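Read through the structure below, which is laid out as structure tokens, and then see the notes.
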Amino acid sequence: DAKTTQPPSMDCAEGRAANLPCNHSTISGNEYVYWYRQIHSQGPQYIIHGLKNNETNEMASLIITEDRKSSTLILPHATLRDTAVYYCIVRDYNDYKLSFGAGTTVTVRA
Amino acid sequence: DTGVSQNPRHKITKRGQNVTFRCDPISEHNRLYWYRQTLGQGPEFLTYFQNEAQLEKSRLLSDRFSAERPKGSFSTLEIQRTEQGDSAMYLCASSPYLGLQNTEAFFGQGTRLTVV
């Protein structure tokens, strides 16, 4: 019962911005959008989350559309170390679990 | 390093043997989770502890699996009579509990189990 849809893979040039899309057309009012990434052979790493406003931290920016049916994670200046699988997750405010899909495999090329 | 620690990092076992994995969460985190990840898939939730209480178990957690968190500190995940289908990465995560507010979970590096 995947709540999000992401492209299976995408490439990005080193130093350029990487824009990762995510569709969550059935999102409800109590559900947040979370992004995690998983570098090869490591555990998932939290990136950012948001409800309806755009968010920015030291790692990335999260842009959520006004109808909240889709979002974009932006890595402003991709580096080779950003090569990873990126997971977009919709999570209820009261839920402690994370439901991962297959994610987007992002490859940053020199 | 004060992150989530998992041991061992790798385990190879023969089918039918029992295995036990350990997770040491971040010290002030009272929520602890176990996930399983097979090749090419995202992690799947197995079970959740708040302090020492196991509050949810996924249907993925068959009778051969048992998890404990004595005294609300470290946790162990035991698999009895391992099967080849148990081969996976087992991930532990922890997070603080701040009332109803969701917080991000911090994951360990995982234990990769290979059943031969």
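All of the numbers you see were taken from the coordinates with simple rules; none came from a lab. Nothing here was measured: the structure is a model prediction, and the numbers come from that model. Quick reminder, even Gly has a Cβ in these numbers, built from the backbone with ideal geometry, and neighbours come from all protein chains shown.
Mind putting a number on the dipole of chain A about its Cα centre? Charges go on the C-beta only, +1 for Lys and Arg and -1 for Asp and Glu, and I need it in Debye to the nearest 20. Intermediate results must be reported in sequence, preceding the final value.
Working: 10 positive and 11 negative charges, 27 e Å.
In debye, rounded to 20, chain A gives about 140.
In this Cβ point-charge picture (+1 for Lys and Arg, -1 for Asp and Glu), the protein assembly as shown has a dipole of about 640 debye about its Cα centre. Note on B:K14: no lysines have a C-alpha under 18 Å away, same-chain residues under 8 apart excluded.
Compactness of chain B is given as radius of gyration and Dmax, 13.6, 44 Å, from Cα positions. Under 17 Å from a label point 7 Å along Cα→Cβ of B:H10: give me every residue in segment B:17-49 with its amide N that close. Counting backbone N atoms under 17 Å from the label point, the list is B:39.
Given Cβ point charges of +1 (Lys, Arg) and -1 (Asp, Glu) and nothing else, what value in debye, to the nearest 20, does the dipole of chain B about its Cα centre take? Kindly include the intermediate steps, with their values, before the conclusion.
On the way: 14 positive and 12 negative charges, 90 e Å.
That gives chain B a dipole magnitude of about 440 debye.
Separation of segment B:1-73 and segment B:75-116, taken as the distance between their Cα centroids, equals 3 angstrom.
Straight-line cross-link reach from A:K52 at under 25 Å between alpha-carbon atoms covers these lysines, not counting any fewer than eight positions away in the same chain: A:K3, A:K69, A:K97.
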